[in-house]
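Since the structure comes first, as structure tokens, the remarks are kept for the end.
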């Protein structure tokens, strides 16, 4: 379950293409955000850890690139450091690497295949090869794709995504469900499904940062990831 949680992470439908969604919107803004992670079970809420999420916009080998550094220290989600690179124009994946409590991951995405390896804590290496559907994204970019999209009433998304650690290709869906004010910030509320898990994203209308994320995995509890605004 931790793997699915951590990988997280158009009637007016812009087909089902992440390329179209990314090109028709306000660009993602570089910067670093600090977030807290809390576990909610019934009436009890307990802080379990934190996340640092940094976005950089770079020109790498002539390609405008989004570089995301994502560090998690949490008792539920586990400890991990991810670096993910996507093309800025359409958020198609370029490469990704990770160091987690489950091992180290390196994967490179081509037009048709994703390939790399997963090294377990014992030192064993497992090769990874995944056939990519058209318009597939890295599952770790799901929330970025939502933040980059032209969110409005009626917006929806249905896109294939690769979970690099397991080699799975899954279908991710999301839609704008309403508008809310969270911590004084006016947001779009976007509801989605990630590998069968219900997720809700509250995305700031003005600068598109993630104000709050809610995940409801099996087990009768909820995980909240909230921006501290720092």
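Could you please give the count of residues in the stretch 60-75 that are under 16 Å from residue 95 (Cβ atoms) and touching a strand residue (DSSP E or B) at 6+ places or on another chain (Cβ under 9 Å)?
Total satisfying the criteria: 9.
So which residues in the stretch 124-173 are more than 28 Å from residue 29 (Cα to Cα) and in contact with a helix residue (DSSP H, G or I) (Cβ under 8 Å, 6 or more places away or on another chain)?
Result: 166, single match.
Identify, from the list 162, 169, 84, the residue that is more than 25 Å from residue 218 (Cβ to Cβ) and assigned to a strand (DSSP E or B).
84
So if I check each of 185, 169, 130, which one is buried (at least 18 other Cβ atoms within 10 Å of the Cβ) and under 21 Å from residue 87 (Cβ atoms)?
Answer to the selection: 130.
Could you tell me which of the residues 97, 101 is under 29 Å from residue 221 (Cα atoms) and either touching a strand residue (DSSP E or B) at 6+ places or on another chain (Cβ under 6 Å) or crowded, with 20+ Cβ neighbours inside 10 Å (or both)?
101
Spot the failing condition for residue 26; the list is (1) at pLDDT 95 or above; (2) touching a helix residue (DSSP H, G or I) at 6+ places or on another chain (Cβ under 9 Å), and only one is missed.
For residue 26, the exception is condition (1).
Name the residues in the stretch 58-86 that are surrounded by 14 or more Cβ atoms within 10 Å (Cβ to Cβ) and more than 15 Å from the chain's Cα centre (by Cα), would you? I'd like the intermediate steps shown before the answer.
Restricting attention to the stretch 58-86, the residues satisfying the condition of being surrounded by 14 or more Cβ atoms within 10 Å (Cβ to Cβ) are 65-74, 76-86.
If the condition is that a residue be surrounded by 14 or more Cβ atoms within 10 Å (Cβ to Cβ) and more than 15 Å from the chain's Cα centre (by Cα), then 65, 73, 74, 76, 78, 79 are the ones that fit.
Can we say residue 123 is on the phi > 0 side of the Ramachandran plot and over 19 Å from the mean Cα position of the chain (by Cα)?
yes
From 9, 5, which residue is modelled with pLDDT under 95, within 17 Å of the chain's Cα centre (by Cα), in a loop (DSSP other than H, G, I, E, B) and under 30 Å from residue 220 (Cβ atoms)?
Sole residue among the options that is modelled with pLDDT under 95, within 17 Å of the chain's Cα centre (by Cα), in a loop (DSSP other than H, G, I, E, B) and under 30 Å from residue 220 (Cβ atoms): 9.
Listed here are the residues, each with its yes/no results for (1) modelled with pLDDT under 95; (2) farther than 23 Å from residue 203 by Cβ.
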residue: 31; (1), (2): yes, no
residue: 36; (1), (2): no, no
residue: 40; (1), (2): no, no
residue: 43; (1), (2): yes, yes
residue: 50; (1), (2): no, no
residue: 53; (1), (2): no, no
residue: 56; (1), (2): no, no
residue: 61; (1), (2): yes, yes
residue: 69; (1), (2): no, no
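The values are calculated or read from the model by the stated rules, or taken from the named source; none is laboratory data. Keep in mind that what you see is a predicted model, and the values were worked out from it rather than measured. Every residue, glycine as well, gets a Cβ built from its backbone with ideal geometry; the counts of neighbours run over all protein chains shown.
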